[in-house]
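Just below is one structure, and these are the notes that go with it.
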Amino acid sequence: MSDRLSVRINSPEKFIWEGEAVSVSSVNNNGPFDILPLHANFITIIRNTPIRVNTGQEVKDFTFPNAIIYAHANAVSIYTNI
């Protein structure tokens, strides 16, 4: 059992960020959400809304015109500028 998420953010042009986090949060068309360790499989589209990655030591905010967030097996993949 892991208490961390593996997070990777990529755009078609370049790698943006990778690391471990205790949560990933944002807002989609249904409202705010948090992805925590052991989260159920999840996929959503984010538009011009901050994606907040909490590493446990700092909080990093990323905002993109469009992004897909995919959570599976304690890993969160964020595909930007799609």
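The values are calculated or read from the model by the stated rules, or taken from the named source; none is laboratory data. Treat the numbers as computed from the prediction; the structure is a model and nothing was measured. Note: ideal-geometry Cβ built from the backbone for every residue, glycine included; neighbour counts use all protein chains shown.
For region 1-17, taking the residues that are modelled with pLDDT of 95 or more and among the aliphatic types (A, V, I, L, M), the one that is surrounded by the fewest Cβ atoms within 10 Å (Cβ to Cβ) is identified as Ile16.
Residue count for region 59-74 under the criterion of being exposed (fewer than 12 other Cβ atoms within 10 Å of the Cβ) and under 17 Å from Ile16 (Cα atoms): the result is 2. Scanning region 24-40 for residues that are surrounded by 13 or more Cβ atoms within 10 Å (Cβ to Cβ) and either in contact (Cβ under 8 Å) with a residue 24 or more places away in the chain or of a type outside the set (A, V, I, L, M, F, W, C) (or both) yields Val24, Ser25, Ser26, Asn28, Ile35, Leu36, Pro37, His39.
Evaluating Asn54 against the criteria (1) in contact (Cβ under 8 Å) with a residue 24 or more places away in the chain; (2) under 12 Å from the mean Cα position of the chain (by Cα); (3) closer than 16 Å to Ser77 by Cβ leaves one unmet condition, (3). Pick from region 1-23 the residues that are without any contact (Cβ under 8 Å) to a residue 40 or more places away in the chain and assigned to a strand (DSSP E or B): which of them is nearest to Ile46 (Cα to Cα)? Among those residues, the one meeting the criterion is Ser23. Which of the residues belonging to region 49-82 are part of a loop (DSSP other than H, G, I, E, B), farther than 20 Å from Arg4 by Cα and not polar (S, T, N, Q)? Selection gives Pro50, Phe64, Pro65, Ile82.
Take region 61-78 and flag every residue that is over 14 Å from Pro50 (Cα atoms) and not β-branched (Val, Ile, Thr). Listed by number, the residues that qualify are Tyr70, Ala71, His72, Ala73, Asn74, Ala75, Ser77. Within the set Ile51, Ile43, the sole residue that is exposed (fewer than 12 other Cβ atoms within 10 Å of the Cβ), β-branched (Val, Ile, Thr) and at pLDDT 95 or above turns out to be Ile43. For region 30-48, the condition of being among the small types (Gly, Ala, Ser), in a strand (DSSP E or B) and touching a strand residue (DSSP E or B) at 6+ places or on another chain (Cβ under 8 Å) holds for none of the residues.
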